[in-house]
Amino acid sequence: MAGRHVGSVEPDHEHVVLLDESGKVIGTALKAEVHTTDTPLHLAFSCYVVGSDGRVLLTQRAPAKRTWPGVWTNACCGHPGLDEDLVGAVLRRLTHELGIRGEVEVTPLLPDFRYRAVMDNGIVENEICPVFLAHVPAGVTVTPDPSEVADHRWVTPAEFRALIAAGDVPVSPWAVLQMQRLPDDDWSSAADSPTPTGAPPPTS
């Protein structure tokens, strides 16, 4: 899953890949229509961006987002297309959401992560969601798309953990669960030895 790529163009009509409980691909659905009060299990990913100084990029989801608008979370999330390489999908979203271009090294953090969460209005997220770490060079320029990201900041992993514990600002449920499995500072060990959760890897 590791590699160096340049992000590709965001498709006009994004689809998500539907999965059965074993992680097998069973079809696709339009992203714009898939999140309801009965969201089917589907394939997604989360990505944390880390700079050369060890700080990670947090983003605040735009207020127009259908799921968890306005909450703080990891750098970006997204849905790979059918037969799309996961690393390629990560880089596509890094470019689309954050304007991050150029050489980016992507490595897996939590390849077996899976979660289900329900908003106050009943809208459900239900995903097999591998988590990646994107290493960016010093001086990287972040230019968020305002339709995706309302704000952003760089913090240490320990500072993000403290932000979650304080409860002063809302944080996405997936980021809370992910941070419970990641070490305070050095995430390289998490990438080398992921803790199993029992979530099956997606299969064709």
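The values are calculated or read from the model by the stated rules, or taken from the named source; none is laboratory data. Source: prediction; values computed, not measured. Positions of Cβ are backbone-derived with ideal geometry, glycine not excepted, and every protein chain shown enters the neighbour counts.
Among the residues in segment 100-112, are any outside any loop (DSSP other than H, G, I, E, B), over 29 Å from LEU41 (Cβ atoms) and of a type in the set (D, E, K, R)? Yes, some residue in segment 100-112 is outside any loop (DSSP other than H, G, I, E, B), over 29 Å from LEU41 (Cβ atoms) and of a type in the set (D, E, K, R).
Selection over segment 29-48 of residues that are in a strand (DSSP E or B) and either in contact with a helix residue (DSSP H, G or I) (Cβ under 7 Å, 6 or more places away or on another chain) or within 14 Å of PRO80 (Cβ to Cβ) (or both) gives a count of 6. Count of segment 23-47 residues, restricted to those that are among the small types (Gly, Ala, Ser) and either within 20 Å of PHE132 (Cβ to Cβ) or surrounded by 16 or more Cβ atoms within 10 Å (Cβ to Cβ) (or both), is 4. Here LEU133 fulfils each of the conditions (1) under 29 Å from SER22 (Cβ atoms); (2) surrounded by fewer than 23 Cβ atoms within 10 Å (Cβ to Cβ) apart from (2).
Per the conditions (1) surrounded by fewer than 16 Cβ atoms within 10 Å (Cβ to Cβ); (2) closer than 21 Å to LEU177 by Cβ; (3) of a type in the set (Asp, Glu), the sole criterion not satisfied by ASP145 is (2).
If you scan segment 145-179, which residues turn out to be assigned to a strand (DSSP E or B) and closer than 17 Å to PRO69 by Cβ? Quick ask: steps written out before the conclusion?
To start, the set of residues in segment 145-179 that are assigned to a strand (DSSP E or B) comprises 149-155, 171.
VAL149, ALA150, ASP151, HIS152, VAL171 - these are the residues of segment 145-179 that are assigned to a strand (DSSP E or B) and closer than 17 Å to PRO69 by Cβ.
Here ARG61 passes the criteria (1) basic (Lys, Arg); (2) closer than 19 Å to PHE160 by Cα; (3) surrounded by fewer than 20 Cβ atoms within 10 Å (Cβ to Cβ) except the one numbered (3). The single condition among (1) without any contact (Cβ under 8 Å) to a residue 24 or more places away in the chain; (2) not in a loop (DSSP other than H, G, I, E, B) that LEU133 does not satisfy is (1). Candidates are the residues of segment 14-35 that are in contact with a strand residue (DSSP E or B) (Cβ under 7 Å, 6 or more places away or on another chain) and either closer than 14 Å to HIS96 by Cα or basic (Lys, Arg) (or both); the one that is modelled with the lowest pLDDT is LYS31.
Among the residues of segment 90-107 satisfying the criterion of being of a type outside the set (Ser, Thr, Tyr) and touching a Leu at 6+ places or on another chain (Cβ under 9 Å), which is surrounded by the most Cβ atoms within 10 Å (Cβ to Cβ)? Looking at residues that are of a type outside the set (Ser, Thr, Tyr) and touching a Leu at 6+ places or on another chain (Cβ under 9 Å), I get LEU98.
Tell me, please, whether a residue that is touching a Ser or Thr at 6+ places or on another chain (Cβ under 8 Å), aliphatic (A, V, I, L, M) and closer than 11 Å to PHE132 by Cα can be found in segment 66-73. Taking every residue of segment 66-73 in turn, none turns out to be touching a Ser or Thr at 6+ places or on another chain (Cβ under 8 Å), aliphatic (A, V, I, L, M) and closer than 11 Å to PHE132 by Cα.
With respect to the conditions (1) crowded, with 19+ Cβ neighbours inside 10 Å; (2) in contact with an Asp or Glu (Cβ under 6 Å, 6 or more places away or on another chain), GLU127 lacks only one, and its number is (2). Restricting attention to segment 113-130 and to residues that are of a type in the set (Asp, Glu) and in a strand (DSSP E or B), the residue that is farthest from the chain's Cα centre (by Cα) turns out to be GLU125. Residue pairs whose Cβ atoms lie under 7 Å apart, separated by 6 or more positions or on different chains, with the first residue in segment 105-117 and farther than 17 Å from PRO173 by Cα and the second of a type in the set (Val, Ile, Thr), are VAL106/VAL87; VAL106/VAL90; LEU109/VAL131. The set of residues in segment 33-71 being farther than 26 Å from VAL169 by Cβ and free of Cβ contacts under 8 Å to residues at least 24 places away in the same chain consists of GLU33, VAL34.
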